[in-house]
Structures are given as C-alpha cells and as structure tokens.
1. Provide MET327, MET226 in ascending order of the number of other Cβ atoms located within 10 Å of each residue's Cβ, fewest first.
2. Cross-link list LYS250/LYS283; LYS134/LYS283; LYS173/LYS223; LYS145/LYS206; LYS68/LYS351; LYS2/LYS49: which exceed 27 angstrom alpha carbon to alpha carbon?
3. I'd like the Karplus ³J(HN,Hα) series for region 244-260: coefficients 6.51, -1.76, 1.60, θ = phi - 60°, whole numbers in Hz, and an x wherever there's a Gly or Pro.
4. Quick one: Karplus J couplings for region 169-184, per residue in order, coefficients 6.51, -1.76, 1.60, θ = phi - 60°, nearest Hz, x for Gly and Pro?
5. Could you pull out every residue, at least 5 positions away or on a different chain, whose amide H is within less than 5 Å of the one on THR281? Hs are placed 1.01 Å off N in the peptide plane, and Pro or chain starts have none.
6. Determine ³J(HN,Hα), in whole Hz, for all residues of region 50-56 in sequence, where each value follows from phi through the Karplus function 6.51 cos²θ - 1.76 cosθ + 1.60 and θ = phi - 60°; x replaces Gly and Pro.
7. Nearest 5 is fine: what % of DSSP beta bridges in region 255-387 come out antiparallel, could you say?
8. Quick one: give the max-minus-min coordinate of the C-alpha atoms of the chain along each principal axis, largest first, in Å.
Amino acid sequence: MKSENFETIAIRTQAERSGHKEHSTAIYLTSSYKFDDAEEMRALFTNEKEGNVYSRYSNPNTSEFIEKMALLEGAEDGFATASGMAAVFTTFGAFLKSGDHVLSSRSVFGSTHQLLNNVFSKWGITYSYADLDKPQDWEALINEKTKMIFVETPSNPGIDIIDLQFLGDLAKKHNVLLVVDNCFATPYLQQPLKFGAHISIHSATKYIDGQGRTLGGIILGSKKLMVDIIAFARHSGPALSPFNAWILSKSLETLAVRMDRHCENALKVATFLENHPKIKTVKYPFLPSHPQYEIAKKQMSQGGGIVTIVVHGGIDGARTFLDGLKMFSISANLADTRSIATHPATSTHNKLTEEQRNEVGIEQGSIRLSIGLEHIDDIIADIEGALS
Ligand SMILES: *Cc1c(COP(=O)(O)O)cnc(C)c1O
C-alpha cells in the first residue's frame, strides 16, 4: 500500500523479504554479493543492471534506510554514511574544488567549523560566515566563486532560525547549491527541500536513532546531485554499516511518536522556565518570545527537543546548576531518550574564544538542555531542584 503519511512510510517501507518470510527486516551482514554468471557481473559493474555488488556501495539494509529517509524528506535519492560528519565531509568533497567559496551560517556544528577552518582551507577552498539572525547580510557575501550555501537551522546551541524559503530563493538567484544540516529538526518537523534546498544532511546519531546508541548519517537530494555524491562516496568509503542501517531503519518506525513527546516535553520546560527568576533567558523556537518565532512556525511543524537557557552568574552559575542536577546526564550528546545538560562554553565550544562564542549566541552561563522522554514531572522537578 502506498501512503503519503509519515508514520506509515516510516514503518511500512521495507527491503524485499527473503524466503523465510520474516516480518521485520533481516540484517544482511555481508561485505559482497555473488553474481549469477559472468554476464550479470559485467552488467552490474557497468550500471546496466541495478543490484548489490559490494557493501561499500550498497546493501539491502542501507538501501531500506535510504529509501525511507528519501520518502520522508521528499528527496529522490540519498547516500547513507557512517556518521553525520561523514555526510558533511562527503557533501563538501563531492561538490567543492580548489578555488571554490562556501557561505556558511556561523553557528554550525563544531566539527563542521573545523572542516571549513582547518581542512578544506588547506585544499584552497575559502569560506565566509553569516549570522542566522541577520538575513540581510547574506547576499553581499556571495561572490563569483561561491559554490555552496551551507546552513544549520535551528542552530546548535543558540537555537537561532533562518527563513529557508529566503535562502532557497537566494541560492536560485545566484545559482549555488543550498545544503541544510537538518539534524535538529528531523524530516518529521522540517523538510528543507520543499523550500528550495538542494541537499539535506542528517546526523542520524541524534533523533533518528534517538537512543544514544548508534552513529550514522545521511545525504538526501535529487537523483542528479546524488550521482556526484555517490561517485565520491563509493571511492572514498564513508558507507554506513549494514548493522547500523538496520538499527536506524528500525528507529525510524518510532520517530514520529518520539518527536511528538520530545517536542511536548521541551515546550513545557521552556514555558516553565520562561518566567523563572533564576533564568536570564530561554530560547525555544515555539515560544512566542523567540526572535524568529514566526519563521519557525512557518517552516517547522513543532519546536524540537532542545531548549537553551542562560543562567545568572556566568560559568560559576552554570557549574552550580549542572552539579545540582540529579537525573539529567551531563554529556556532550543530545537527542537521547535520556535528558542531557551540556555547558557549551567549557565543552563543545571550548576551542572558540569568548568573543567567538558570543557571536554564535553562547554566553558563559548558556546551558543546552536536550529534553528526553522521561516523565515531564521528573524533568521539571530536576531542573527546579538544580535552580534552587
Ligand atoms: C552531531 C551533529 C553532527 C555530527 O554528527 P555525528 O553523527 O556526530 O558525526 C552534525 N551536525 C549537527 C547539527 C549535529 O548535531
């Protein structure tokens, strides 16, 4: 049965059954595949016939995961990678050459920063950063060498948002690729390709697995763009393992239900903290006080599971809060069933100077709360306890 509905696609898109008629998809732990005869081998190697050759190229489990994600994101095709960073690296590697320029949002994932600042710059690729809350600055930073706009919205951990339709139109006008890291939203909350993005990237390690146990990533886009991605990936080898693909495909079956609860809990936490005397600021996309609330409402169906707060008292205030938590885990990860608190200034963003951190919306007292799936009363009680 063909369905347009997210939940049904996420559950009922399955790789072909084997002769055992198993109900859930089997795991295909095989590195290679055999050919019926010499002619089939030849045809597969020249792409005259579609099929599995070697698991660095494709595997029934990764194909199932890609097919589901492509349907959910509204993409024609995709390539699954061993981690979110492998997806980012592969996308840059496939489309950029020496002399090209990338315009990126300033507040991108730390390792994406490192790639632009320290790896691709050695290969002659230049970059500029622009702020999500200053869309008026973006167009002037595009030049004749600009090949790609790269953006993360909502951003980590500042929770800033930019209008994807605006960027989609800008990319079209200047004939550049628009690549969106859609990790925080997942396809359940936001589908960038609908707004003119060419490529959507995920760290599947986050909400797609959702239980803090598996690394994975994916790149999604048109069949035409995927030709370059797949050519680069097949030979450079960032492929997702069949076992992790099996886990991630299984996890997608519950993504809608999990995201609904993550978002419901996060909105309750944000609302509770908004007028709390111990809190300086609360950032959550679906709080009307969020500066880009109207844009968030336009392009996201719910606000996501991350709430960023600033406590009084700078680093000391943040440390007191973290050490006062009894249930929340102090960890650098996010998007787990378990609620997690992170202090970006002394962990994920410690390599930036204080000034650079301010530019991406991180204060000394900023704390990123990844709201999990525990009972909401326990989540709020733990935060309240730590604040007092
Ligand atoms: C975690 C994360 C990544 C990197 O993903 P890995 O799976 O850890 O390699 C990239 N972008 C965003 C927004 C992330 O949160």
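1. Working: MET327 15, MET226 22.
In order of increasing Cβ crowding within 10 Å: MET327, MET226.
2. Numbers: LYS250/LYS283 32 Å; LYS134/LYS283 17 Å; LYS173/LYS223 22 Å; LYS145/LYS206 33 Å; LYS68/LYS351 37 Å; LYS2/LYS49 25 Å.
Check vs 27 Å cut-off fails for LYS250/LYS283; LYS145/LYS206; LYS68/LYS351.
3. Computed from phi, the couplings for region 244-260 are 5, 4, 4, 4, 5, 5, 4, 5, 4, 4, 10, 4, 4, 5, 5, 5, 4 Hz.
4. Here the 3J(HN,Hα) series is 5, 5, 4, 5, 4, 9, 6, 10, 7, 10, 10, 10, 7, 9, 4, 5 Hz.
5. So THR281 has HN proximity to VAL310.
6. 8, x, 8, 10, 7, 6, 5
7. 85 percent
8. Cα extents, longest axis first: 73, 52, 34 Å.
We did not get these values from a lab; they are worked out from the coordinates using the rules stated. What you see is a predicted model; the values in this text were computed from it and never measured. Using ideal geometry, Cβ is built from the backbone for each residue, glycine included, and neighbour counts are taken over all protein chains shown.
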